[in-house]
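Read the structure below first, then the notes.
The values are calculated or read from the model by the stated rules, or taken from the named source; none is laboratory data. Computed from a predicted structure; not experimentally measured. Neighbour counts run over all protein chains shown; Cβ positions are idealised from the backbone, glycine included. SASA here: full protein model, heavy atoms, side chains in, ligands and nucleic acids out. Shrake-Rupley method; radii C 1.70, N 1.55, O 1.52, S 1.80 Å.
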Amino acid sequence: GEGFPGWHIECSAMATKYLGAEFDIHGGGMDLQFPHHESEIAQSTICNHKAPVRYWMHNNMITIEGRKMGKSYNNVIKLTEMFSGNHPLLAKAYHPMVIRFFILQTHYRSTLDFSNEGLQASEKGMNRLMAAVELLGSLKPSATSTSDVKALREKAFGAMNDDINTAIAISHLFEGARIINSVNGGQETLTAEDIAHLTET
């Protein structure tokens, strides 16, 4: 178990063997920060004379319809069950990309609540973004732009640079989808350069 010192030493030895004495990112739940990860830092630092990890990413817990997910609560949903829809709490099957998109709409340090409503909203949102991406290739450029695509791009990348805030980055992508649909409908205009920036973003 994780509470035994030998487990920490074994974990540190495996990380060093496969990833080197120092690696970039180590993830895990917030509940592992102390004592597990602090013990791992101490042991790796003693053995290798340097901190083992550059960035620690501790995610918050997962809940299902407001209740903590866990074996003791008998409410765990496996990814394979989400993909097949074969679980009593699921109304249907969900594509792996929908699950991924759903997860990315919550910051990794926030509680993630699984629900059919949330998954179905994510499915619709992802489809809306993908439809906008499809439209990009058919947009006709204009001499001027009515939207500041460069600012939108900077905001999206700024969100990712701010502790990987995928939720905010995705909100900016939805603004990009709105612009694309408006240009396609003739209400707004974009230059060829801005269409290229939007496509890359």
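Could you work out the relative contact order of the range 30-146, using alpha carbon pairs under 8 angstrom and six or more residues apart, expressed as a whole percent? After rounding, I find 22 percent. Heavy-atom accessible surface of the range 72-149, averaged per residue, reaches 61 Å², computed with a 1.4 Å probe.
A run of the chain free of exposed loop cleavage sites, with trypsin sites (Lys or Arg not before Pro) counted only in DSSP states other than H, G, I, E and B and at most 15 other beta carbons within 10 Å, reaches its longest extent at 110-201. Of all lysines in the structure, the ones whose alpha carbon falls short of 17 Å from that of LYS78, not counting any fewer than 8 places away in one chain, are LYS68, LYS92. When VAL76, VAL149 are compared by accessible area of protein heavy atoms, the largest-first order is VAL76, VAL149, using a 1.4 Å probe. Tell me the label only: which of (i) 43; (ii) 16; (iii) 20 is percent of Cα pairs over 30 Å apart as calculated from this structure? The value computed from this structure is option (i). Hey, if you put +1 on the Cβ of every Lys and Arg and -1 on every Asp and Glu Cβ in the chain, which of LEU173, MET130, HIS26 ends up farthest toward the positive end of that dipole? Selected residue: MET130. For the range 54-161, GluC sites (Glu not before Pro) meeting the loop criterion (DSSP other than H, G, I, E, B) and having at most 14 other Cβ atoms within 10 Å: GLU65.
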